[in-house]
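What follows is a set of notes on a single structure, which appears directly below.
Coordinate-derived values only; no laboratory data. This is a predicted model, so every value here is computed, not measured. Positions of Cβ are backbone-derived with ideal geometry, glycine not excepted, and every protein chain shown enters the neighbour counts.
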Amino acid sequence: MAQLYFYYSAMNAGKSTSLLQSSYNYNERGMRTLIFTAEIDTRFGKGKVCSRIGLSAEALLFSPETNIAELIKSENESEKVHCILIDECHFLTKKHVEQLCEIVDYDDIPVLCYGLRTDFQGELFSGSQYLLAWSDKLVELKTICHCGRKASRTLRFGGDGNVVYEGSQIDIGGNEKYVAVCRKHYSDVIREVKAKKV
Ligand SMILES: [Zn+2]
């Protein structure tokens, strides 16, 4: 029986590296994988998943309008697909996650999703909300704060190099824009920034 997996973490925990490694393992055994990534993230060019340690692979794109189930079914009809891997899965909609459950349960294809649990304000992304609710397996990919504790929060930095705690949820950026920290250091920094503003 196939299962739905949600591999979640804060920024820069090596999600894309882990995804590409899993895909490689399938391919090495002669099995076909389909990789998806969010259309929104064009940091490395459209239709590509790249890891910070230099690995990359071609990917299909999803936007809120994409019917992921239909895409997978038509690919699977032309040539058997053994595993679906989704990068930036926090950008999935509720509908997408429903479609992925359907692929797992009715087409018996495992789906591995990789993404952030929360945004820079500590709020759940839509994709993460439903993946946390409906996945068969939840796996945390850990990274550490500068203090050595597990990093579970993400700080966002503005163009002036200062931490921002307001703004839209989506603001694509690389390592320079986001830093993963533990809950305590997240609170410390936000308190400090807010105190300065008064
Ligand atoms: Zn810390």
request  = Over region 82-166, calculate the relative contact order: mean separation of alpha carbon pairs under 8 Å at least 6 apart, over the residue count, as a percent.
outcome  = 28 percent
key: Eligible lysines near Lys137 by straight Cα distance, threshold 21 Å, same-chain separation 8 or greater   = Lys15, Lys94, Lys95, Lys150
task = Quick one: angle between helix 183-197 and the longest Cα principal axis of the chain, in degrees between 0 and 90, rounded to 10, please.
result = 50 degrees
inquiry  = Run the numbers for Asp188 and Leu141: contour at 0.36 nm per residue of separation, minus the present Cα-Cα distance, in nm.
reply    = 14.6 nm
query = Computed over the Cα atoms of the chain, what is the ratio Rg over Rh, Rh following Kirkwood?
reply = 1.00
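Nearest-5 percent of antiparallel DSSP beta bridges in region 4-142?
15 percent
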query = If you count, for each residue, the other Cβ atoms within 10 Å and average over each peptide, how do 58-64, 93-99 line up from highest to lowest?
reply = 93-99, 58-64
